[in-house]
Amino acid sequence: MEQEKKCPECSCTEFAQGTFGADSKLFPINIIFKPGKGSEVLAEICTKCGYILNMRVSKPEKFK
Ligand SMILES: [Zn+2]
């Protein structure tokens, strides 16, 4: 059964995906100066109040 997602702030059920943009990657802190590492951050945003439900990187394997 699929659980319906709800914004904890305003109970809105419409969400959008967001990102900081191509150059705003998140890097593992110990390899921040190595180019080619890092990953884009995807955020799930409530389209009503702007609350960010969760954030995740698109390539978690780069943080291993
Ligand atoms: Zn909301």
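The values are calculated or read from the model by the stated rules, or taken from the named source; none is laboratory data. Note that this is a predicted model, so its numbers are computed, not measured. Virtual Cβ from ideal backbone geometry, glycine too; neighbours counted across all protein chains shown. Note: areas computed on protein heavy atoms with side chains; ligands, DNA, RNA excluded. Shrake-Rupley method; radii C 1.70, N 1.55, O 1.52, S 1.80 Å.
Restricting attention to region 6-16, does a residue exist that is at pLDDT below 90 and open to solvent by less than 80 Å² (accessible area, probe 1.4 Å)?
Of region 6-16, the ones at pLDDT below 90 are none.
No.
Among the residues that make up region 40-62, is at least one of them modelled with pLDDT of 80 or more, over 16 Å from the mean Cα position of the chain (by Cα), within 11 Å of the ligand (Cβ to nearest atom) and surrounded by 10 or more Cβ atoms within 10 Å (Cβ to Cβ)? Walk me through it before giving the result.
Filtering region 40-62 for residues modelled with pLDDT of 80 or more gives 40-62.
Okay, now just the ones that are also over 16 Å from the mean Cα position of the chain (by Cα), so 48-49.
Adding the requirement that they be within 11 Å of the ligand (Cβ to nearest atom) leaves 48-49.
Retained after the next criterion (residues that are surrounded by 10 or more Cβ atoms within 10 Å (Cβ to Cβ)): 48-49.
Taking every residue of region 40-62 in turn, at least one turns out to be modelled with pLDDT of 80 or more, over 16 Å from the mean Cα position of the chain (by Cα), within 11 Å of the ligand (Cβ to nearest atom) and surrounded by 10 or more Cβ atoms within 10 Å (Cβ to Cβ).
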